[in-house]
1. For Lys2, go through the aspartates and glutamates and keep the ones whose alpha-carbon is under 17 Å away, minus same-chain ones fewer than eight residues off.
2. Ignoring ligands, DNA and RNA, please state the percent of accessible area on the chain from carbon and sulfur, probe 1.4 Å.
3. Regarding region 1-120, what's the average projected area of the Cα-atom convex hull, expressed in nm²?
4. Please compute the length gained on full extension between Ala200 and Ile187, using 0.36 nm multiplied by the number of residues separating them and subtracting their Cα-Cα distance.
5. State the answer as a single residue: which of Ser193, Leu171, Ser3 lies farthest towards the positive end of the charge dipole of the chain, with beta carbon charges of +1 for Lys and Arg and -1 for Asp and Glu, about the Cα centre.
6. Could you give me the ³J(HN,Hα) list for region 115-127, computed from phi with Karplus coefficients 6.51, -1.76, 1.60 and θ = phi - 60°, whole Hz, x at Gly and Pro?
7. Could you give the angle, 0 to 90 degrees to the nearest 10, between helix 2-24's Cα long axis and the longest principal axis of the Cα atoms of the chain?
8. Just to confirm, what accessible area per residue do you get for the chain at 1.4 Å probe, in whole Å²?
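The values are calculated or read from the model by the stated rules, or taken from the named source; none is laboratory data. Computed from a predicted model, the values in this text were never measured in an experiment. Neighbour counts are summed over all protein chains in view; Cβ atoms, including those assigned to glycine, are modelled from backbone coordinates with ideal geometry. The area values use the complete protein model at the heavy-atom level, side chains included, leaving out ligands, DNA and RNA. Shrake-Rupley method; radii C 1.70, N 1.55, O 1.52, S 1.80 Å.
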Amino acid sequence: MKSLFCDLAPLCAEIVSTAQRAYRSGLMAGTSGNLSCYAPDYNCMAITPSGMDYSAMTPEDIVLMQLDGTVLHGIKPSSEWKMHAEIYANLPAVHAIVHTHSPNATAYAVLRREIPCVLVEMLLFLGGSIEVADYAAQGSAAVGTNCLPILCRKPACLLANHGVVTTGTTLEQAYTNSIYVEDAAKIVRLAMSTGYPIPATINEEGSKPYHESISV
C-alpha cells in the first residue's frame, strides 16, 4: 500500500497541517477531535489517528482506510471513524469533515440548544442556525447517522453532549466552517451574558435568495 500513501501524501500533509491549526486555535484540547478527507478516486478515507498528540503528528501517521473499516495504511484510526464513514457513504458531495470540541459551541451541544441565526456569516457559511443532532454513543456509526438529517441541508451541526461536526467539499472549507461555528457560539453567548434577550434572529428562508446571489 506504499504507492497509495505516495499518491495521497499531499492530502495527508494537509490533514496534519489543518489539525495542528485547529489545535492551536483552541478548537480541540489534548487529543480530542478528528479530521478526515475522502478520496473517491481511491475509494479511500484519510483520517487522523487515535490518541496522538497533534504537535507530534506527521503525514505518515494519517490512517488510510476504506469506509467499511479496512485499514490500508497506518495503525489505528480515530475512534470516531465510523461517524466519518457514515457521512461520506450517505452524502457524496462531502469530501472533508472536521470534528471539534470547541468550548463555546460544545457548551450549546451539552445543553442541546440550537445556536440561533443572528449573523449574516451564519447564512453565508453555515446555512443558518446550527442545529443539534440527537445523542448517540461516541464511536458508533449512529453518531454519523444522527447528523445526516441536518448535514444534508447544512454544512455544520452540533452533536448532543459531544461536540461539533462541519463538512465541506475541501478540508479548508470544512475547517473554515468550524471556525464560524465557534465564533457564532461565542458571540451569542456574549450577547446573552449582557442580560438582554436577543431581539431578533435572521429570517433564514427570506434572506437566502439574496445571500445565495452574492459571494464573499
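1. Asp41, Glu60, Asp61
2. 54
3. Numbers: hull surface 33.4 nm².
If you wrap the Cα atoms of region 1-120 in a convex hull and average its projections, you get 8.4 nm².
4. Stretched out fully, the Ala200 to Ile187 stretch lengthens by 3.3 nm.
5. So the residue we want is Ser193.
6. 8, x, 7, 10, 10, 4, 4, 5, 6, 5, 9, 10, x
7. On a 0 to 90 degree scale, this one is about 30.
8. I get 46 Å² per residue for this part.
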